[in-house]
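None of the figures in this text is laboratory data; all of them are computed from the coordinates on show. As the structure is a prediction and not an experimental result, all values here were calculated from the model. Because the Cβ atoms are built from the backbone with ideal geometry, glycine has one as well, and the counts that use them run over all protein chains shown.
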Amino acid sequence: MAKGAFGRRDFLKKAVASAGQVVAEVSAATSVKEKIPAKAIKKVNFLRPPGAVEEESFLKLCTRCDDCVHACPHHSIKRAKERGVEGTPVIRPREMPCYLCEDLSCIKACKTGALIPVEREKVKMGVAKIKKKRCSAWDGQPCQYCVTKCPLSEEAIYLDDFKPVIREEKCTGCGVCEQVCLTVNQSAPITITPARYL
């Protein structure tokens, strides 16, 4: 009887130790996995919603609750499908840019601090860049779509001798110019560089 009791006790000790080892291994794997996205996301061209904190902090704070997704009146915010950042909110300008709503409802909907309050004019999702060799206006053709559609027209982008020029320090990276540019150019000469690359 006593011998059997010790046998069961040893068995339970080993079982608990094994379970602890499995938990430790899973925790280590999760810890490593959490570090992957910050490197991996650089290969993927998407923007974070307005007010997003620095990427590594964002990935820790974002609970993938979809509150910002549902709050966006233009359906600009989607759930990421990329490995490592699945379910986090992203904006793909060519599909649907951010229109910089007056009340920035996505930020108000975030309860975790992944999106923090910021003035509309100081949003920094990225910066627009123009490849002049591909731009119709820079090729002498009349085109002002990017300027007229920009939510911060004349501040973030303006015309100089009928050619669009971007003020990088004022550009929010909303992506409106990139999307409208595609309506007149097969390959958009305007693209947004995400804030995490800047």
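Spin-label model, K78 to S136: label points 7 Å out along the Cα-to-beta-carbon direction sit 2.5 nm apart.
Our estimate of slack between D103 and F162, defined as 0.36 nm per intervening residue step minus the Cα-Cα distance, is 18.0 nm. Amide H to amide H distances under 5 Å link T191 with K129, K131, where only residues 5 or more positions off or on other chains count and H is placed in the peptide plane. Quick check on my link table: of K60/K132; K81/K170; K111/K170; K108/K133, which ones sit more than 32 Å apart, alpha carbon to alpha carbon? The pairs that break the limit, which is 32 Å between Cα atoms, are K60/K132; K108/K133. Between T63 and V118, the simple label model (points 7 Å from Cα in the Cβ direction) yields a spacing of 2.3 nm. Highest mean packing comes first when the peptides 72-78, 190-196 are listed by Cβ atoms within 10 Å, giving 190-196, 72-78.
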